[in-house]
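Just so it is clear, none of the values below were taken in a lab; they were calculated from the coordinates. No experiment lies behind these values; they were computed from the predicted model shown. Note: ideal-geometry Cβ built from the backbone for every residue, glycine included; neighbour counts use all protein chains shown.
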Amino acid sequence: MSVGARLEAILARIAQAATGAARSASEVKLVAVSKAQPPTAIREAYAAGQRAFGESYAQELAAKAEALADLGDIEWHFIGHLQTNKAKIVARHAHVVHSVDSEVLARELGKRAAREATSVLPVFVEVNVAREPQKAGATPSEIEEVMRAVRAEPSLALRGLMTLAPAGDLEAARSVFGALATLRNLHGGPDALPELSMGMSADFETAIECGSTCVRVGTAIFGER
């Protein structure tokens, strides 16, 4: 099956999941996770109508942004763990950052975005809801301080919260996604945090049921890396 055909199938599943949750498909943005995929695969998805793509490594993001610079309305989402020493690269090339998880990173990214970005950079605070030691993210108790640090940076705009669910367990994923929605309500609700970035290839439909506004799907679109 081609990238375009798989993309069409994912969009249909997003629409079905949204309808099942009494939501509109227009409320859910699809980010096609293109890490480890060649620019040709991204061009194929772009030709099929996809515009938002997710990358996890700063240098790979930079290389692809430069290689695909002719695609003027492409939108790059940085979704991986971000080290402060890579903030300059990400600020220069990303249109959205999903993985701000500390005050230090918020300050560094804000400083770099002020110099590198052409407009205010939207960001999500990444939360390690499941407290998995192998994953990045602020703890639930740290959300407030990270949000405060983001809001203190004029070059950053706080968009919402992001999380990753444990792999291979839809009930655990449902619990994590529900917990993130609850955390949003505890920190100002949709008015303060309009978006929830949650859900990947194996669990995006569950995430949509739980209120996700942004799903990050890679394998189901591009195939195995």
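Worth a mention:
- Derived scalar couplings ³J(HN,Hα) [the stretch 98-115; Karplus, 6.51 cos²θ - 1.76 cosθ + 1.60; whole Hz; x for Gly, Pro]: 9, 10, 7, 10, 7, 4, 4, 5, 4, 5, 5, 5, x, 4, 5, 5, 4, 8
- Each residue in 124, 222 was given a count of other beta-carbon atoms within 10 angstrom of its own, and listing them fewest first yields 222, 124.
- Across the alpha-carbon atoms of the chain, the computed radius of gyration and Dmax are 16.5, 47 angstrom.
- Taking label positions 7 Å along the Cα-Cβ direction at both residue 13 and residue 59, the computed distance is 3.3 nm, reported to one decimal.
- Spin-label model distance (nm) - residue 47 vs residue 84, 7 Å beyond Cα toward Cβ: 4.5
- Listed cross-link partners 88/111; 35/86; 64/86; 64/88; 29/135 are compared with a 19 Å cut-off, the Cα-Cα value being larger for 29/135.
- Cβ-based net charge around residue 178, under 12 Å, with every Lys or Arg adding one and every Asp or Glu removing one: 0
- Sequence-distant residues sharing a close amide H with residue 214 (under 5 Å, placed H): 29, 196, 198
- Which of 42, 74 has the fewest Cβ neighbours within 10 Å, and the rest in rising order: 74, 42
- Relative contact order computed over the chain (Cα-Cα under 8 Å; 6+ residues apart), in percent: 21
- Selection from 190, 176, 89, by position along the positive dipole direction of the chain (Cβ): 89
- J(HN,Hα) series, the stretch 13-28, from Karplus relation 6.51 cos²θ - 1.76 cosθ + 1.60, nearest Hz, glycine and proline x: 5, 4, 4, 5, 5, 5, 4, x, 9, 6, 10, 9, 4, 5, 7, 10
- 3J(HN,Hα) along the stretch 68-85, derived from phi through the Karplus expression 6.51 cos²θ - 1.76 cosθ + 1.60 where θ = phi - 60°, amounts to 10, 5, 6, 8, x, 9, 5, 10, 9, 10, 8, 10, x, 4, 10, 8, 4, 6 Hz, with x in place of Gly and Pro.
- Exposure proxy ranking, count of Cβ atoms within 10 Å, fewest first, for 24, 175: 24, 175
- Ranking 152, 162, 32 by how far each Cα lies toward the positive end of the dipole of the chain (charges on Cβ) leaves 152 at the top.
- For residue 126, distant residues with modelled amide H under 5 Å away: 100, 101, 138, 162
- Unit charges on C-beta of K, R, D, E only; dipole of the stretch 3-222, Debye: 340
- Dipole magnitude of the stretch 114-225, debye to nearest 20 (Cβ charges: Lys/Arg +1, Asp/Glu -1, about Cα centre): 240
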